[in-house]
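Inspection log for the structure reproduced underneath, given as C-alpha coordinates.
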Amino acid sequence: KFPRWAVAYKFEAEESTTQIQKVTWELGRSGKLTPIAHVAAVDFSGVTVRKATLNNWGDIQRKKLKLGVRVWIRRSNDVIPEIMGCVDEDEAGEDIQKPGVCPACGAALVERGANLFCLNRMSCKPQAVMRIKHFASRDAMDIEAFSEKTADLFYDELMVRDPADLYRLDPAQVRTLKGFGDKKMQNLMNALEQSKGCPLDRFLLAIGIPNVGKRTARDLSLRFGSLDALREAVGPDTAGLMLTNP
(Lines give C-alpha, C1' and ligand atoms only; values in the text may rest on other atoms or scores of the structure.)
Protein backbone atom coordinates (compact mmCIF):
# COMPACT_ATOMS: atom_id res chain seq x y z
CA LYS A 1 0.00 0.00 0.00
CA PHE A 2 1.38 3.40 -0.98
CA PRO A 3 1.67 6.03 1.78
CA ARG A 4 -0.79 8.88 1.47
CA TRP A 5 1.85 11.42 0.47
CA ALA A 6 2.96 9.25 -2.46
CA VAL A 7 -0.42 9.15 -4.16
CA ALA A 8 -1.18 12.02 -6.56
CA TYR A 9 -4.94 12.47 -6.71
CA LYS A 10 -6.47 14.64 -9.38
CA PHE A 11 -10.03 15.81 -9.34
CA GLU A 12 -12.00 15.32 -12.52
CA ALA A 13 -12.47 18.43 -14.63
CA GLU A 14 -15.84 20.13 -14.17
CA GLU A 15 -17.70 21.86 -16.99
CA SER A 16 -20.56 24.32 -16.98
CA THR A 17 -21.92 27.17 -19.08
CA THR A 18 -21.73 30.91 -18.55
CA GLN A 19 -21.72 34.16 -20.51
CA ILE A 20 -18.77 36.33 -21.54
CA GLN A 21 -19.38 39.86 -20.26
CA LYS A 22 -16.09 41.57 -21.13
CA VAL A 23 -12.47 40.82 -22.00
CA THR A 24 -9.38 42.43 -20.48
CA TRP A 25 -5.73 41.84 -21.37
CA GLU A 26 -3.12 40.73 -18.84
CA LEU A 27 0.54 41.57 -19.50
CA GLY A 28 3.24 39.06 -18.56
CA ARG A 29 6.96 39.43 -17.98
CA SER A 30 7.76 38.38 -21.55
CA GLY A 31 5.52 41.14 -22.94
CA LYS A 32 2.88 38.63 -24.07
CA LEU A 33 -0.74 39.69 -23.64
CA THR A 34 -3.19 37.09 -22.36
CA PRO A 35 -6.92 37.79 -22.77
CA ILE A 36 -8.99 37.23 -19.63
CA ALA A 37 -12.73 36.62 -19.94
CA HIS A 38 -14.92 38.18 -17.25
CA VAL A 39 -17.95 35.93 -17.07
CA ALA A 40 -21.29 35.70 -15.32
CA ALA A 41 -20.67 34.01 -11.95
CA VAL A 42 -20.67 30.21 -12.15
CA ASP A 43 -20.28 27.73 -9.28
CA PHE A 44 -17.86 24.78 -9.30
CA SER A 45 -18.26 22.63 -6.18
CA GLY A 46 -18.68 25.66 -3.96
CA VAL A 47 -16.08 27.81 -5.74
CA THR A 48 -17.51 30.86 -7.49
CA VAL A 49 -15.73 31.65 -10.76
CA ARG A 50 -15.94 35.05 -12.47
CA LYS A 51 -12.84 34.94 -14.68
CA ALA A 52 -11.40 32.48 -17.18
CA THR A 53 -8.45 32.41 -19.56
CA LEU A 54 -8.81 32.70 -23.31
CA ASN A 55 -5.13 31.78 -23.86
CA ASN A 56 -4.39 34.21 -26.72
CA TRP A 57 -5.88 36.19 -29.61
CA GLY A 58 -5.69 33.18 -31.89
CA ASP A 59 -7.72 31.16 -29.38
CA ILE A 60 -10.50 33.77 -29.47
CA GLN A 61 -10.65 33.59 -33.25
CA ARG A 62 -10.46 29.81 -33.44
CA LYS A 63 -13.31 29.36 -30.97
CA LYS A 64 -15.35 32.16 -32.61
CA LEU A 65 -16.00 33.80 -29.25
CA LYS A 66 -18.00 36.99 -28.83
CA LEU A 67 -19.20 39.15 -25.97
CA GLY A 68 -22.62 38.22 -24.64
CA VAL A 69 -22.67 34.64 -25.94
CA ARG A 70 -23.07 31.50 -23.85
CA VAL A 71 -19.88 29.47 -23.58
CA TRP A 72 -18.60 26.23 -22.11
CA ILE A 73 -16.20 26.75 -19.19
CA ARG A 74 -14.02 24.08 -17.61
CA ARG A 75 -12.22 24.00 -14.26
CA SER A 76 -9.69 21.33 -13.27
CA ASN A 77 -8.06 21.23 -9.83
CA ASP A 78 -6.77 24.73 -9.01
CA VAL A 79 -5.94 25.59 -12.61
CA ILE A 80 -7.43 28.85 -13.89
CA PRO A 81 -10.75 28.00 -15.60
CA GLU A 82 -10.68 27.94 -19.39
CA ILE A 83 -13.29 28.88 -21.97
CA MET A 84 -13.71 25.81 -24.19
CA GLY A 85 -16.02 27.21 -26.89
CA CYS A 86 -19.46 28.53 -27.71
CA VAL A 87 -22.59 26.67 -26.71
CA ASP A 88 -24.14 27.81 -29.99
CA GLU A 89 -21.78 29.22 -32.63
CA ASP A 90 -24.74 30.90 -34.37
CA GLU A 91 -25.68 32.92 -31.29
CA ALA A 92 -25.46 36.68 -31.91
CA GLY A 93 -22.92 38.65 -29.92
CA GLU A 94 -20.50 41.57 -30.01
CA ASP A 95 -17.09 41.04 -31.58
CA ILE A 96 -14.12 40.98 -29.20
CA GLN A 97 -11.73 43.72 -30.28
CA LYS A 98 -8.04 43.03 -30.77
CA PRO A 99 -6.01 45.74 -28.99
CA GLY A 100 -3.73 47.78 -31.21
CA VAL A 101 -1.56 49.15 -28.41
CA CYS A 102 -0.32 47.89 -25.06
CA PRO A 103 -2.94 48.57 -22.36
CA ALA A 104 -0.16 49.44 -19.90
CA CYS A 105 2.24 51.68 -21.84
CA GLY A 106 0.50 52.48 -25.15
CA ALA A 107 3.27 51.00 -27.31
CA ALA A 108 2.29 49.35 -30.60
CA LEU A 109 1.75 45.60 -30.36
CA VAL A 110 3.40 42.94 -32.50
CA GLU A 111 1.49 39.83 -33.57
CA ARG A 112 3.53 36.62 -33.51
CA GLY A 113 1.54 33.57 -34.46
CA ALA A 114 -1.48 33.41 -32.17
CA ASN A 115 -0.05 35.88 -29.62
CA LEU A 116 0.22 39.64 -29.19
CA PHE A 117 3.37 41.14 -27.69
CA CYS A 118 4.47 44.49 -26.30
CA LEU A 119 8.18 44.88 -27.13
CA ASN A 120 8.68 47.95 -24.93
CA ARG A 121 10.74 45.99 -22.39
CA MET A 122 12.25 48.81 -20.36
CA SER A 123 9.48 51.43 -20.29
CA CYS A 124 6.46 49.14 -19.93
CA LYS A 125 6.22 49.02 -16.16
CA PRO A 126 4.11 45.86 -15.58
CA GLN A 127 6.35 43.57 -17.62
CA ALA A 128 9.54 45.10 -16.22
CA VAL A 129 8.30 44.67 -12.65
CA MET A 130 7.21 41.08 -13.28
CA ARG A 131 10.55 40.30 -14.95
CA ILE A 132 12.50 41.65 -11.96
CA LYS A 133 10.22 39.83 -9.52
CA HIS A 134 10.74 36.55 -11.40
CA PHE A 135 14.51 37.07 -11.45
CA ALA A 136 14.59 37.47 -7.66
CA SER A 137 12.15 34.64 -6.91
CA ARG A 138 12.98 31.61 -4.77
CA ASP A 139 13.32 29.19 -7.69
CA ALA A 140 15.55 31.63 -9.56
CA MET A 141 18.17 33.86 -7.90
CA ASP A 142 16.48 33.50 -4.50
CA ILE A 143 17.04 37.09 -3.36
CA GLU A 144 15.56 36.97 0.12
CA ALA A 145 12.59 39.23 0.94
CA PHE A 146 12.52 40.75 -2.55
CA SER A 147 8.86 41.00 -3.52
CA GLU A 148 6.77 42.41 -6.35
CA LYS A 149 6.13 45.42 -4.11
CA THR A 150 9.89 45.99 -3.84
CA ALA A 151 10.33 45.65 -7.60
CA ASP A 152 7.54 48.18 -8.11
CA LEU A 153 9.15 50.63 -5.65
CA PHE A 154 12.59 50.28 -7.23
CA TYR A 155 11.13 50.84 -10.70
CA ASP A 156 9.54 54.11 -9.62
CA GLU A 157 12.21 55.48 -7.30
CA LEU A 158 15.54 54.02 -8.44
CA MET A 159 14.98 53.59 -12.21
CA VAL A 160 15.46 49.82 -11.98
CA ARG A 161 14.36 48.61 -15.40
CA ASP A 162 16.20 45.31 -15.77
CA PRO A 163 17.47 42.66 -13.32
CA ALA A 164 21.07 43.72 -13.98
CA ASP A 165 20.21 47.13 -12.49
CA LEU A 166 19.80 45.47 -9.08
CA TYR A 167 23.55 44.88 -8.96
CA ARG A 168 24.26 48.57 -9.53
CA LEU A 169 22.11 49.86 -6.67
CA ASP A 170 23.54 52.56 -4.43
CA PRO A 171 23.03 51.47 -0.79
CA ALA A 172 22.67 55.10 0.27
CA GLN A 173 19.77 55.59 -2.13
CA VAL A 174 18.10 52.34 -1.07
CA ARG A 175 18.28 53.46 2.57
CA THR A 176 16.18 56.55 1.79
CA LEU A 177 13.22 54.58 0.43
CA LYS A 178 10.01 54.13 2.37
CA GLY A 179 10.14 50.92 4.38
CA PHE A 180 13.93 50.67 4.19
CA GLY A 181 16.36 51.36 6.99
CA ASP A 182 19.96 50.40 7.60
CA LYS A 183 19.15 46.80 8.52
CA LYS A 184 16.78 46.07 5.64
CA MET A 185 19.09 47.79 3.16
CA GLN A 186 22.07 45.78 4.35
CA ASN A 187 20.10 42.53 4.23
CA LEU A 188 19.20 43.27 0.61
CA MET A 189 22.79 44.10 -0.31
CA ASN A 190 23.95 40.87 1.32
CA ALA A 191 21.29 38.85 -0.52
CA LEU A 192 22.28 40.40 -3.85
CA GLU A 193 25.94 39.63 -3.22
CA GLN A 194 25.13 36.06 -2.21
CA SER A 195 23.01 35.54 -5.32
CA LYS A 196 26.05 36.09 -7.54
CA GLY A 197 27.17 32.59 -6.62
CA CYS A 198 23.89 30.89 -7.50
CA PRO A 199 23.91 27.57 -9.45
CA LEU A 200 23.83 27.84 -13.24
CA ASP A 201 20.36 26.31 -13.59
CA ARG A 202 18.86 28.95 -11.30
CA PHE A 203 20.50 31.72 -13.28
CA LEU A 204 19.23 30.32 -16.58
CA LEU A 205 15.71 30.20 -15.14
CA ALA A 206 16.05 33.71 -13.69
CA ILE A 207 16.92 35.49 -16.94
CA GLY A 208 13.71 34.33 -18.57
CA ILE A 209 14.87 32.54 -21.73
CA PRO A 210 11.72 31.72 -23.74
CA ASN A 211 10.50 28.15 -23.18
CA VAL A 212 13.13 27.44 -20.52
CA GLY A 213 11.60 26.30 -17.24
CA LYS A 214 13.15 24.63 -14.20
CA ARG A 215 13.66 21.25 -15.86
CA THR A 216 15.15 22.60 -19.09
CA ALA A 217 17.41 24.95 -17.13
CA ARG A 218 18.65 21.99 -15.10
CA ASP A 219 19.25 19.92 -18.24
CA LEU A 220 21.22 22.75 -19.84
CA SER A 221 23.26 23.17 -16.67
CA LEU A 222 24.11 19.46 -16.55
CA ARG A 223 24.93 19.35 -20.27
CA PHE A 224 27.21 22.39 -20.48
CA GLY A 225 28.44 22.85 -16.92
CA SER A 226 29.26 26.54 -17.19
CA LEU A 227 27.86 29.74 -18.61
CA ASP A 228 30.88 30.22 -20.86
CA ALA A 229 30.40 26.76 -22.40
CA LEU A 230 26.73 27.47 -23.00
CA ARG A 231 27.53 30.86 -24.57
CA GLU A 232 29.99 29.19 -26.92
CA ALA A 233 27.46 26.51 -27.88
CA VAL A 234 24.59 28.88 -28.70
CA GLY A 235 26.82 31.22 -30.72
CA PRO A 236 26.61 34.96 -31.45
CA ASP A 237 23.34 34.68 -33.39
CA THR A 238 21.45 33.87 -30.19
CA ALA A 239 22.49 36.91 -28.20
CA GLY A 240 18.80 37.55 -27.64
CA LEU A 241 18.82 34.76 -25.06
CA MET A 242 20.42 37.29 -22.67
CA LEU A 243 23.16 34.94 -21.52
CA THR A 244 24.86 37.59 -19.41
CA ASN A 245 26.19 37.66 -15.88
CA PRO A 246 24.55 39.94 -13.27
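Here is how the numbers come out for the structure above:
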{"read-out": "Matching residues, the stretch 10-23, being open to solvent by 50 Å² or more (accessible area, probe 1.4 Å) and out of contact with any Phe, Trp or Tyr (no Cβ under 8 Å at 6 or more places or on another chain)", "value": "10, 11, 12, 13, 19, 21, 22"}
{"read-out": "Evaluation of residue 149 against (1) surrounded by 12 or more Cβ atoms within 10 Å (Cβ to Cβ); (2) assigned to a helix (DSSP H, G or I); (3) among the basic types (Lys, Arg) (one fails), failing number", "value": "(1)"}
{"read-out": "Residue list for the stretch 152-193, filter: basic (Lys, Arg), surrounded by 13 or more Cβ atoms within 10 Å (Cβ to Cβ) and part of a helix (DSSP H, G or I)", "value": "175, 184"}
{"read-out": "Residues located in the stretch 65-111, provided they are exposed (fewer than 11 other Cβ atoms within 10 Å of the Cβ) and either assigned to a strand (DSSP E or B) or touching a His at 6+ places or on another chain (Cβ under 6 Å) (or both)", "value": "95, 108"}
{"read-out": "Test result for residue 196, charged (D, E, K, R) and either over 22 Å from residue 123 (Cβ atoms) or open to solvent by less than 50 Å² (accessible area, probe 1.4 Å) (or both)", "value": "yes"}
{"read-out": "In the stretch 69-108, the residues that are more than 17 Å from residue 36 (Cβ to Cβ) and among the basic types (Lys, Arg)", "value": "70"}
{"read-out": "Search result, residues across the stretch 194-205 that are without any contact (Cβ under 8 Å) to a residue 12 or more places away in the chain and assigned to a helix (DSSP H, G or I)", "value": "194"}
{"read-out": "Selected residue [modelled with pLDDT under 95, within 27 Å of residue 129 (Cβ to Cβ), of a type in the set (S, T, N, Q) and part of a helix (DSSP H, G or I)] from 238, 244", "value": "238"}
{"read-out": "Filter result (more than 20 Å from the chain's Cα centre (by Cα) and among the charged types (D, E, K, R)) within the stretch 69-108", "value": "70, 74, 75, 88, 89, 90, 91, 94, 95, 98"}
{"read-out": "Those residues of the stretch 117-129 which are touching a Leu at 6+ places or on another chain (Cβ under 8 Å) and part of a helix (DSSP H, G or I), in sequence order", "value": "126, 127"}
{"read-out": "Among the residues listed as 212, 174, the single one being closer than 22 Å to residue 28 by Cα and of a type in the set (A, V, I, L, M)", "value": "212"}
{"read-out": "Output for the stretch 26-64, where each listed residue is over 15 Å from the mean Cα position of the chain (by Cα), open to solvent by 20 Å² or more (accessible area, probe 1.4 Å) and of a type in the set (Asp, Glu)", "value": "43"}
{"read-out": "Criterion violated by residue 227 - all others in (1) at pLDDT below 95; (2) touching a helix residue (DSSP H, G or I) at 6+ places or on another chain (Cβ under 8 Å); (3) within 26 Å of residue 32 (Cα to Cα) satisfied", "value": "(3)"}
{"read-out": "Qualifying residue in the stretch 119-131 (condition: at positive phi, surrounded by fewer than 18 Cβ atoms within 10 Å (Cβ to Cβ) and among the hydrophobic types (A, V, I, L, M, F, W, C))", "value": "no"}
{"read-out": "Unique residue being over 30 Å from residue 63 (Cα atoms) and among the acidic types (Asp, Glu) when the list is 139, 95", "value": "139"}
{"read-out": "Residue among 64, 32, 22 that alone is closer than 19 Å to residue 99 by Cα, free of Cβ contacts under 8 Å to residues at least 40 places away in the same chain and among the basic types (Lys, Arg)", "value": "64"}
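The values are calculated or read from the model by the stated rules, or taken from the named source; none is laboratory data. Everything quoted here is computed from the prediction, not taken from an experiment. In this analysis, Cβ positions are derived from the backbone assuming ideal geometry, glycine residues included, and neighbour counts consider all displayed protein chains. Protein only, heavy atoms only, side chains kept; ligands, DNA and RNA dropped before computing areas. Shrake-Rupley method; radii C 1.70, N 1.55, O 1.52, S 1.80 Å.
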